1. If only one of A:I51, A:I97 is within 14 Å of chain B (Cβ to nearest Cβ), surrounded by 15 or more Cβ atoms within 10 Å (Cβ to Cβ), touching a strand residue (DSSP E or B) at 6+ places or on another chain (Cβ under 8 Å) and more than 30 Å from A:K17 (Cβ to Cβ), which one is it?
2. Among all residue pairs at least 6 apart or on different chains, which show Cβ distances below 7 Å where the first residue, located in the range B:97-126, is in contact (Cβ under 8 Å) with a residue 12 or more places away in the chain and surrounded by 14 or more Cβ atoms within 10 Å (Cβ to Cβ) and the second is small (G, A, S) and not in a strand (DSSP E or B)?
3. Taking the residues in the range B:373-402 that are more than 7 Å from chain A (Cβ to nearest Cβ), under 23 Å from B:D244 (Cβ atoms) and of a type in the set (G, A, S) as candidates, determine which candidate is farthest from the chain's Cα centre (by Cα).
4. Please go through the range A:212-260 and pick out each residue that is within 21 Å of the chain's Cα centre (by Cα) and farther than 18 Å from A:I202 by Cα.
5. Does the range B:195-213 contain at least one residue that is on the phi > 0 side of the Ramachandran plot and assigned to a strand (DSSP E or B)?
6. Out of curiosity, is B:L403 among the aliphatic types (A, V, I, L, M), in a loop (DSSP other than H, G, I, E, B) and either without any contact (Cβ under 8 Å) to a residue 60 or more places away in the chain or crowded, with 18+ Cβ neighbours inside 10 Å (or both)?
7. Could you identify the single residue in B:G345, B:G317, B:G285 that is more than 30 Å from B:K384 (Cα to Cα) and modelled with pLDDT of 95 or more?
8. Scan the range A:69-89 for residues that are under 13 Å from the mean Cα position of the chain (by Cα), more than 8 Å from every other protein chain (Cβ to nearest Cβ) and either under 18 Å from A:E146 (Cα atoms) or of a type in the set (S, T, Y) (or both) and jot them down.
Amino acid sequence: MSTLEVKNLHVKAKEEKKEILTGVNLKMSTGEIHAIMGPNGTGKSTLSESIMGNPNYEILEGDILINGQSIVGLPVDQRARAGLFLAMQYPAEIPGITNAEFIRAAINSRRSEDDQMSIPEFLQKLDRTLKTLDMTEEMSERYLNEGFSGGEKKRNEILQLMMIEPKFAILDEIDSGLDIDALKVVSRGVNEMRGPEFGSLIITHYQRLLNYIKPDVVHVMMGGKIVKSGDADLAVKLEDEGYAGLRDELGLDVKLVDEE
Amino acid sequence: MTVQTQTAQDIKKYAQLTNEPEWFTKMRYEAHQEVADLALPNFQKIKYHSWPINVTRKLSIGDHELNNEELATIQANVVQVGSKIIQHELPAEFKEKGVIICDWQTALQQHPELIKKYFMTEATKPTENRLNAEHVAHLTSGLLIYVPKNVVLKQPLTSYFFQDARVPQDYVHHLLLIADSGSELSYLENTGTIGSKASPANIIEEVIAEPDSHIKFASVDRLGENTTAYLNRRGYLKRNARIDWSMGMMNDCNIVGDFDSELVGEGSHAEVKVVAISTGDQVQGIDTRVTNYGKHSLGNILQHGVILARSSLIFNGIGHIVHGARGAEAQQESRVLMLSTKARGDANPILLIDDNDVVAGHAASVGRVDEQKMYYLMSRGLDKKTAERLVIRGFLGPVLSALPSKEVRQILADMIERKLVNGQQDE
């Protein structure tokens, strides 16, 4: 079992002054799926990027730990090799390298020189995973995300996730821009990953995704921190009452971005 | 009594030793006399005038023994070290069809008519600039390739030219490639350096495309670190002739590359693709020009380059359409990717249009590696250098994928990887 822990995390964007995360605390273990919900502009994506190590964000205070070891001093590639994965909202397009080549390089970057995954083993696994995600073989031979539709990119993130098999996967609004069929496919992929060696932190606006990926814990973020945690029912309640309802119930002084 | 310069005496001695035909020695003297009055060629933004690029040493015979195991493994039809051909195995097809391939001294003895007709008479001239004149005066090594009329060669021809820098000597090398009317040839050339003595290399390569001929010319240049090179490649294209240039500038030295295509004939067509990687402290200045003289002639330049460490890379792209070249077209794209803040890159488009009824266009850029791309690749576990090489591969992709031969594409991709891995160690 592995753990991912966020302690009193304060973060701002490199170019700006305003603190976006104002003290996030979170602890999860492999075998668990946590969801983070919250209104727009509350710092959900900043949290996921900060955990992954996006250089555009600066940690002002607090710590991020995997199995008790701080990772805040590590660059993004080392965090990835330590077991983190971030399915991004806006994956980059990289011409000149095929999806398959890239995924194999990513897998092998975690293995020692004399334990590289062989091509037949890789292809077998790739085939299986493509089928799970209703993706064609052709998709793996295309250049990495180049010319992919929004939905294809999301699917491709899950393909990478399933191939790389990280300890902890953060899914940053993986449901945005997906139709209901694609949502089911993506959820199928994540559910297949469930197990004692895998944990996931799912960031979403809507409860809908959580109908397909049942979370063990639901956290609600507002104003740059987690204001309430609960079980899956919390998400349902939020869907009914909205964020404003919860805010007022908790007596928080937080302005919601989309509020008039 | 005439006062002879040291060089004139050297030429005389060399001509005697090699039993050189008098008419060629005379060309040398004439060129040598012009040297002092000629200026170095000027290329915009390429500052090389202070380099030790002039050839001054005595003409070398180049009879140095070879004992290099690496050479034995080279797969090529022609391997030339200095002036000496050490391997010469042509496909049967070449012999059957009367293709001529020989070293320079043999060419002078046995094919004077070809040399007299083509050697620096059309594609370039001995007096065009100082380096050209020095070239003729000091030329000691070369290769003649002649493909007869209507001969279509299916097998590609591969050559390796090695500058011998195990002893201090100038490398002055000439390639004269003639594709006669209606012929077709695919040619792959490799240049390199053996040894590490500081020396200039003065290489002029003339590619003559007679009417309706088609030449695929690919090159991988890997001259050594202590060389200072002038590499002048000239295509001379007659009616409906075509040259596809694919050049990989993978040198480790300071070099001026002057790659020009003279689109003389109506309907002639040149595609010029250049990939360049500069590393360490080196400077690679590349001046690529297409000049449209012929009606409906077409010249396209596509060059992408990457710079690491403290190196420089300058791409000039010149599209020149002369008056009367109606219906001509000249397009160019030059792009430079910088991986280091200490590197210097230039992509300099120059369009000179002297006719109205033409099409011309250009694109140029110098940029840094996209941080978002790096972040994305690294977020999957790839280390920074591997991620950089992938971004570079993507950047060079449009040139590589446009190369006409799959084999050349692979060779270049391997060379790029090797040069990048070496270059990154110096970051």
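1. A:I97
2. Correct list of pairs: B:D103/B:S83; B:W104/B:S83; B:I115/B:A107; B:P126/B:A31; B:P126/B:A133.
3. B:S401
4. A:G223 - this is the single residue of the range A:212-260 that is within 21 Å of the chain's Cα centre (by Cα) and farther than 18 Å from A:I202 by Cα.
5. Yes, that holds for at least one residue.
6. yes
7. Residue meeting the stated conditions: B:G317.
8. Those that are under 13 Å from the mean Cα position of the chain (by Cα), more than 8 Å from every other protein chain (Cβ to nearest Cβ) and either under 18 Å from A:E146 (Cα atoms) or of a type in the set (S, T, Y) (or both): A:A87, A:Q89.
The values are calculated or read from the model by the stated rules, or taken from the named source; none is laboratory data. Small disclaimer: the values here were computed from a predicted structure and weren't measured. Cβ: placed from backbone, ideal geometry, glycine included. Neighbour counts: every protein chain shown.
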